[in-house]
Amino acid sequence: MALPRLANAEARRLFMDRHALLETPSGGSKGEDLLHLLSRLGFVQLDSINTVARAHDMILYSRRPSYRPQHLTDLYHGGGALFEHWTHDAAMIPLAFYPQWHLRFQRDEELLRKRWRNWRRDGFEAQFETVLSHIRDHGPVSSSDLGKDEKKNSGGWWDWHPSKTALEYLWRTGALTVIGRSGFQKRYDLTERVIDEGLLAPVESVDPAATVDWLCKNALDRLGFATPAELAAFWDTASNAEARSWCLEAKARGAIEEIEIAATDGSLRKSYARPGVIEHAAELGPAPGRMRVLSPFDPMLRDRKRAERLFGFFYRIEVFTPAPKRIYGYYVFPLIEGQRLVGRIDMKADRPKECLRVSALWPERGVKFSATRVKRLEAELERVARFSGLSTVAFADGWLRDPV
């Protein structure tokens with residue numbers, strides 16, 4: 001029997017809805033309103049690159065135009081409503097989810113010991129008690145407060161001194177908690193001094209099956225539809241095998257069903273979804289016509305292959321690509337209009353001159369940047385400039401390029 005099928009247009013709308021991009025960008029952007037948005041997304045990825053604004057700020061701003069970076073800082077530092085840890089990368093996560101991270105702490109213990117020993121970070125394990133004792137006696141620290149006499153072999157960002165490695169390990173495995181950042185440098189404290197006792201759990205009480213159930217259910221609710229591998233990758237704690245087993249069991253009891261998702265090229269991909277998701281997708285309204293700049297790390301684009309299947313948008317960040325080999329640029333922002341990704345733009349904040357400088361824009365094939373569309377772009381760039389603390393927008397000669 002043929003599987004129920006979700007057409008591409010409906011799949012896009014459903015996916016955008018789950019990522020808070022289907023509604024008109026508006027609404028509260030601080031306190032409980034911001035926490036609700038973060039809970040809806042699941043987390044927001046952190047990134048240090050700041051060509052216009054940091055990734056986490058751009059992600060939140062694209063959905064709530066009244067958002068300002070201080071709102072997240074207030075929620076994190078002052079409100080005690082978030083914690084910082086890893087999903088697929090460093091992320092800001094609602095504190096209510098903290099109990100689901102105990103399994104991650106356990107699994108990272110052995111994984112990171114093995115991996116980091118292979119990265120020539122010998123000696124970091126010997127620093128565990130020294131680091132913990134220092135924090136216990138002297139309070140929160142950053143990596144610059146420790147290991148001042150310890151050598152780094154290469155000076156590269158990957159070659160931390162032993163105490164820095166110990167700090168990161170103790171954070172990743174739950175003994176320490178990041179309590180904030182100065183600039184972009186983390187500050188660590190003992191977890192028992194930061195996290196409410198009711199959210200902590202002794203090692204023997206961690207139930208892997210219950211945690212995997214939470215991870216898969218909550219990943220599916222935030223994706224709308226997914227393969228087992230996509231469910232596992234969302235929080236990056238459960239294995240593919242665990243996600244497959246969860247899907248089979250959930251399907252057997254009728255909690256989920258198998259459907260087909262149509263890609264832009266007409267191909268079909270089997271996925272799992274909640275019963276009734278196809279009917280729900282058909283009821284969703286159209287996406288707002290306003291053009292928006294997205295962060296390269298926007299959760300809707302995090303899975304690059306999925307974005308390509310659903311939206312026909314091939315995107316790879318070229319930060320680590322040598323300049324002569326780049327197709328577009330160092331840090332290029334995707335542009336969304338309606339439920340279509342219409343192009344990508346290379347731009348950078350010139351802070352001394354308070355100017356947002358646009359170097360180039362590449363439309364997607366089949367997208368024409370008419371005078372009307374350019375006006376929509378200009379309006380969005382003026383909004384982004386104000387958000388970034390800039391007063392003007394300047395376009396380089398020849399900024400509108402041909403599709404690649």
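Using a probe of 1.4 angstrom and keeping all protein chains present, the accessible surface of the chain works out to 46 square angstrom per residue. The figure for Arg290 is an accessible area of roughly 70 square angstrom, using a 1.4 Å probe on the protein chains alone. Ordering Thr392, Phe128, Leu112 by Cα displacement along the dipole of the chain toward the positive end leaves Thr392 in first place; charges were set at the Cβ atoms of Lys, Arg (+1) and Asp, Glu (-1). For the chain, a crude dipole built from +1 on the beta carbon of Lys and Arg and -1 on the beta carbon of Asp and Glu, taken about the Cα centre, is about 1440 debye to the nearest 20. Evaluated at q = 0.18, 0.19 Å⁻¹, the base-10 log of the normalised Debye intensity for region 335-404, with identical point scatterers placed on the Cα atoms, takes the values -0.68, -0.75.
Using the Stokes-Einstein relation with a Kirkwood hydrodynamic radius computed over Cα pairs, the translational diffusion coefficient of the chain at 20 °C and a viscosity of 1.002 mPa s comes to 93 µm²/s. For region 304-343, relative contact order (Cα pairs under 8 Å, six or more residues apart, normalised by length) works out to 28 percent.
Ordered from highest to lowest accessible area with the whole protein assembly present and a 1.4 Å probe, Arg304, Arg386, Arg351 read as Arg386, Arg351, Arg304. When a 1.4 Å probe is rolled over the protein heavy atoms, the share of accessible surface on the chain that falls to carbon and sulfur comes to 51 percent.
Where both bridge residues fall in region 276-404, DSSP classifies roughly 75% of the beta bridges as antiparallel.
Glu364 sits with roughly 30 Å² accessible to a 1.4 Å probe, with DNA, RNA and ligands left out of the calculation. Remark: relative contact order (region 252-404) = 18 percent; criterion is Cα-Cα distance under 8 angstrom and separation of 6 or more residues. Computed over neighbours whose Cβ is under 10 Å from that of Ala394, the net charge equals +1, Lys and Arg +1, Asp and Glu -1.
Farthest toward the positive end of the dipole of the chain, out of Pro69, Ile93, Tyr328, is the Cα of Tyr328, where the dipole comes from beta carbon charges about the Cα centre.
Counting only Cβ charges, +1 for Lys and Arg and -1 for Asp and Glu, the dipole size of region 1-142 around its Cα centre is about 460 debye.
For region 214-268, the C-alpha radius of gyration divided by 2.2 N^0.38 Å, with N the number of residues, is 1.14.
Structural descriptor for the chain: relative contact order 17 percent, calculated from alpha carbon pairs under 8 angstrom and at least 6 residues apart.
The values are calculated or read from the model by the stated rules, or taken from the named source; none is laboratory data. Just so it is clear, the structure is predicted and the values come from calculations on it, not from any experiment. Note that we place each Cβ from the backbone using ideal geometry, even for glycine, and neighbour counts take in every protein chain shown. Remember, those area values only see protein heavy atoms, side chains included, never the ligands or the DNA or RNA. Shrake-Rupley method; radii C 1.70, N 1.55, O 1.52, S 1.80 Å.
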